[in-house]
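Only one structure is covered here, and it is reproduced in the block below.
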Amino acid sequence: DVKVTQSSRYLVKRTGEKVFLECVQDMDHENMFWYRQDPGLGLRLIYFSYDVKMKEKGDIPEGYSVSREKKERFSLILESASTNQTSMYLCASGPSGSTDTQYFGPGTRLTVL
Amino acid sequence: QKEVEQDPGPLSVPEGAIVSLNCTYSNSAFQYFMWYRQYSRKGPELLMYTYSSGNKEDGRFTAQVDKSSKYISLFIRDSQPSDSATYLCAMSYYSSASKIIFGSGTRLSIRP
């Protein structure tokens, strides 16, 4: 069964803290994605990765960085958290070169105080 | 202008009704069209997927794509309270596993 897991369901951090969000998939997928979801704005792509150690900016990369040292793991880093980064963060993975889809994790609801 | 437009709702219909959900888009290069369902406090899950124009049916769900009008629809027949969720349309230039552009979602509630 397809599985994408995220390290935390709920997270509360303070302004200026460094925040790590981890995502692990067990499907041997090449592609991994980080989105944030906000009311009225839908899902917006932050970063994605097509292979280990490769990353591409999405639509809203400012204030974020990513790391992909292993195929199954894709981390999102907030270098200095700010209140406008309070959001639901969703990780997804998908195989390359096919008509398959993206599989999503359960999400992490991050609150920055 | 957003690449993909979707009415946010909320949409409330009685159990058993036919539901119609729609999205419009601006970029004619989109080739893959998807509908995701998202229950409260969960990640989106793929419901329907179509390539190019046409219809696709899966049980009570039918997806339609009209590329000439840049318009996609999802129909739910015999709607059930368990269909209450947010429905996201999505589309992609290449395979559906590459970068996907999502609509903002329509919140649907089915009244028993």
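The values are calculated or read from the model by the stated rules, or taken from the named source; none is laboratory data. Just so it is clear, the model here is predicted, and its values are computed rather than measured. Quick reminder, even Gly has a Cβ in these numbers, built from the backbone with ideal geometry, and neighbours come from all protein chains shown. The protein model used for the area step is the full one, side chains on, heavy atoms only, and it has no ligands, DNA or RNA in it. Shrake-Rupley method; radii C 1.70, N 1.55, O 1.52, S 1.80 Å.
Taking only segment A:28-58 into account, find how many residues are more than 13 Å from the chain's Cα centre (by Cα) and within 11 Å of chain B (Cβ to nearest Cβ).
8
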Item to check | Matching residues in segment A:31-79 - criterion: being among the aliphatic types (A, V, I, L, M) and within 27 Å of B:Arg107 (Cβ to Cβ) | outcome: A:Leu41, A:Leu43, A:Leu45, A:Ile46, A:Ile60, A:Leu76
Item to check | The lone exception for A:Arg36 - which of (1) in a strand (DSSP E or B); (2) free of Cβ contacts under 8 Å to residues at least 12 places away in the same chain it fails | outcome: (2)
Checklist entry - How many residues, within segment B:52-107, are on the phi > 0 side of the Ramachandran plot, outside any strand (DSSP E or B), open to solvent by less than 50 Å² (accessible area, probe 1.4 Å) and free of Cβ contacts under 8 Å to residues at least 24 places away in the same chain? => result 1
Checklist entry - So how many residues does segment A:68-104 have that are part of a loop (DSSP other than H, G, I, E, B) and either open to solvent by 10 Å² or more (accessible area, probe 1.4 Å) or modelled with pLDDT of 95 or more (or both)? => result 13
Next on the checklist: If a residue must be surrounded by 11 or more Cβ atoms within 10 Å (Cβ to Cβ), farther than 16 Å from A:Met88 by Cβ and not β-branched (Val, Ile, Thr), how many such residues does segment A:1-13 contain?
Outcome noted: 1
Next on the checklist: Filter segment A:37-61 down to the residues that are open to solvent by 30 Å² or more (accessible area, probe 1.4 Å) and β-branched (Val, Ile, Thr) and list them by number.
Outcome noted: A:Val52, A:Ile60
Checklist outcome for this item: Within segment B:13-51, the residues that are farther than 16 Å from B:Lys67 by Cα, small (Gly, Ala, Ser) and open to solvent by 60 Å² or more (accessible area, probe 1.4 Å) are B:Ser40
Next on the checklist: Tell me yes or no: at least one residue of segment A:75-91 is farther than 30 Å from B:Pro8 by Cα, within 14 Å of chain B (Cβ to nearest Cβ) and in contact with an Asp or Glu (Cβ under 6 Å, 6 or more places away or on another chain).
Outcome noted: no
Checklist entry - In segment A:18-36, which residues are at pLDDT 95 or above and open to solvent by less than 70 Å² (accessible area, probe 1.4 Å)? => result A:Val19, A:Leu21, A:Glu22, A:Cys23, A:Val24, A:Gln25, A:Trp34, A:Tyr35, A:Arg36
Checklist entry - How many residues are more than 16 Å from B:Gly9 (Cα to Cα), within 14 Å of another protein chain (Cβ to nearest Cβ) and not aromatic (Phe, Trp, Tyr) when one looks only at segment B:62-112? => result 11
